[in-house]
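Heads up: the structure comes next, in structure tokens.
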Amino acid sequence: MVQYRVPREELPYDPANRESIVEYAQKLVGHTLRESCDVDSFSSKKGNKGKLGQAIEYCYFEYEPNSAQEPDFPEVGLELKTNPVKRKKDKTLSAKERLVLTMIDYCTLVDETWESSTVRSKMDDMLLITFLHESEKDEFDYEFEFVGTPMIPLEDMAVIHDDWETIVAKVKAGLAHEISGGDTNYLEACTKGASAKTVRKQPYSDIMAKQRAFALKSSYMTAFYDKNICLESIMRRRGEESMSLEDLVKARIGEYAGMTNIGLGDRFGLNPGSKNFNALLTKAMLGVGRENEIAEFSKAGIIVKTIRLECNGRIREHVSFPAFEFADLLAETEWEDSEFGKVCNSKFLFVVFKKNDSGDYELRGCEFWSMPVEMVDSAEATWREARRVVKEASSLSNACLTVRMAIQPSKMICPDPITITSLMFDRMLRNGRIVLRMGLKSGM
């Protein structure tokens, strides 16, 4: 039951009228919360720092924040959600973090159907309020960028449904403790709690599982915010309508298995010697135009990497990820919202080529892979250690950083056996940046 802070007739909107609520919310756009209402009563409360979402409920909409499962505006079934964005160097917007929908109760989740699920009800009708996060400002001085009631497209909801089923299947198998962000595409079960040690019971195992919440991935939210991204979906042929995204991609790329990079370049009019050949080739095999981004990959945050094997099966090189500044590492405070954390919780698509007797590289196939939860935990510990090393350095320009993670090797077959053997932060002394490298080897 919603508890209003003022008599109902004194509210600046009609809680029984959806249009009235939305119109009132949209007055925030271009303003800060401090400009829009009295925030002093909320900011004076102990422990309210960093809770802008609750401040919007308390100060602007004039009701007491609560953890009830019913919609925030129950008379019209409208759910209030807030999400921070950040402005990139090219001035476009990206989601700073995922959009958390609702906490997960493992014990009741297994009895839900998709149609009656709590998370689906949270997405049915959302009032989304987006604000620009600027670290140098007080949270009450963040400017609101977007207010609206976005509808999730049917094709996206189908992927989200599959993601929900994946998470539920893991809980039913007694593996809630092994859930990882890389298991799914658009909807994830993110950790939620004071620390990674915050755990809950699961119904089919005695092993305690991390407390998690359903959330739309930050990559999905970025695709929504950044209108400059030209997205193109993978067109499905007759009979492919019910295929999962992974099966669809494997089938499409598998059609070209055995062809060389030279032959594929000729077929699609691409230069194998160009720097972006591998990225363009993946798009071409999936039927996506060169100037566009693969919609499903952008929304899911799927990282595509090409692996080249020598004739003897040895892997030619490490897989590296974009370098980042030492200062960026220090500015991050939350593991799962850090750039490194996002990488570790992402799903990877490895496209594999192998050198033949003629010296050309033949396409062998592809495989999706995500980090096992033990590897993600090791990565988090390494991230914290890397931050400590950089923070204690005499100066960022002189910081010397090499931190190797202790991980259990992770195996995959695509179709050649390949093992992920190592992950490490390494220094780039020439430009004072950090790079993440992934070590690979062929064979089991």
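The values are calculated or read from the model by the stated rules, or taken from the named source; none is laboratory data. Just so you know, these numbers come straight off a predicted model, no measurement behind them. Reconstructed Cβ throughout: ideal geometry from the backbone, glycine too, with neighbour counts over all protein chains shown. These area figures cover heavy atoms from the full protein model, side chains too; ligands, DNA and RNA do not enter into them. Shrake-Rupley method; radii C 1.70, N 1.55, O 1.52, S 1.80 Å.
Just a few scattered comments:
- Residue within the range 112-119 that is touching a Phe, Trp or Tyr at 6+ places or on another chain (Cβ under 6 Å), assigned to a helix (DSSP H, G or I), open to solvent by less than 10 Å² (accessible area, probe 1.4 Å) and over 24 Å from Ser346 (Cα atoms) present: no
Every residue, every condition in (1) under 21 Å from Pro7 (Cβ atoms); (2) in contact (Cβ under 8 Å) with a residue 60 or more places away in the chain; (3) more than 23 Å from the chain's Cα centre (by Cα), yes or no:
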| residue | (1), (2), (3) |
| --- | --- |
| Asp38 | yes, no, yes |
| Tyr60 | yes, no, yes |
| Lys81 | no, no, no |
| Pro84 | no, no, no |
| Leu93 | no, yes, no |
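- Residue list for the range 121-139, filter: open to solvent by 10 Å² or more (accessible area, probe 1.4 Å) and at pLDDT 95 or above: Phe131, Leu132
- Counted residues, the range 214-232 - those being β-branched (Val, Ile, Thr) and surrounded by 17 or more Cβ atoms within 10 Å (Cβ to Cβ): 1
- Summed over the range 179-213, the residues that are among the aliphatic types (A, V, I, L, M) and open to solvent by 40 Å² or more (accessible area, probe 1.4 Å) give a count of 5.
- One residue stands out in the range 235-289 among those that are touching a Phe, Trp or Tyr at 6+ places or on another chain (Cβ under 9 Å), without any contact (Cβ under 8 Å) to a residue 24 or more places away in the chain and open to solvent by 70 Å² or more (accessible area, probe 1.4 Å): the one that is farthest from Arg308 (Cα to Cα), namely Arg267.
- Residues that are open to solvent by less than 30 Å² (accessible area, probe 1.4 Å), under 17 Å from Leu127 (Cα atoms) and among the hydrophobic types (A, V, I, L, M, F, W, C) number at least 1 in the following helices (runs of 4 or more DSSP H) confined to the range 1-97: 18-26, 33-36, 52-55.
- Here the helices (runs of 4 or more DSSP H) wholly within the range 187-290 that include at least 2 residues being closer than 30 Å to Ala381 by Cβ and of a type in the set (S, T, N, Q) are 218-225.
- Whichever residue in the range 354-369 is surrounded by fewer than 22 Cβ atoms within 10 Å (Cβ to Cβ) and under 28 Å from the mean Cα position of the chain (by Cα) and, among such residues, is nearest to Cys311 (Cα to Cα): Gly365
- Selection count where residues are among the basic types (Lys, Arg) and crowded, with 16+ Cβ neighbours inside 10 Å, scope the range 148-178: 1
- Residue in the range 291-300 that is loosely packed, with under 15 Cβ neighbours inside 10 Å and of a type in the set (Gly, Ala, Ser) present: no
- Among the residues of this structure, Gly313 does not count as one that is farther than 24 Å from Arg387 by Cα and at pLDDT 90 or above.
- Listed by first and then second residue, the pairs linking a residue in the range 364-382 that is within 29 Å of Tyr256 (Cα to Cα) and among the charged types (D, E, K, R) to a residue that is open to solvent by 30 Å² or more (accessible area, probe 1.4 Å) and part of a strand (DSSP E or B), with Cβ atoms under 9 Å apart and 6 or more places separating them unless they lie on different chains, are Arg364/Lys354; Glu367/Ile413.
- Single condition Glu70 does not satisfy, out of (1) under 20 Å from Thr149 (Cβ atoms); (2) touching a Pro at 6+ places or on another chain (Cβ under 9 Å): (2)
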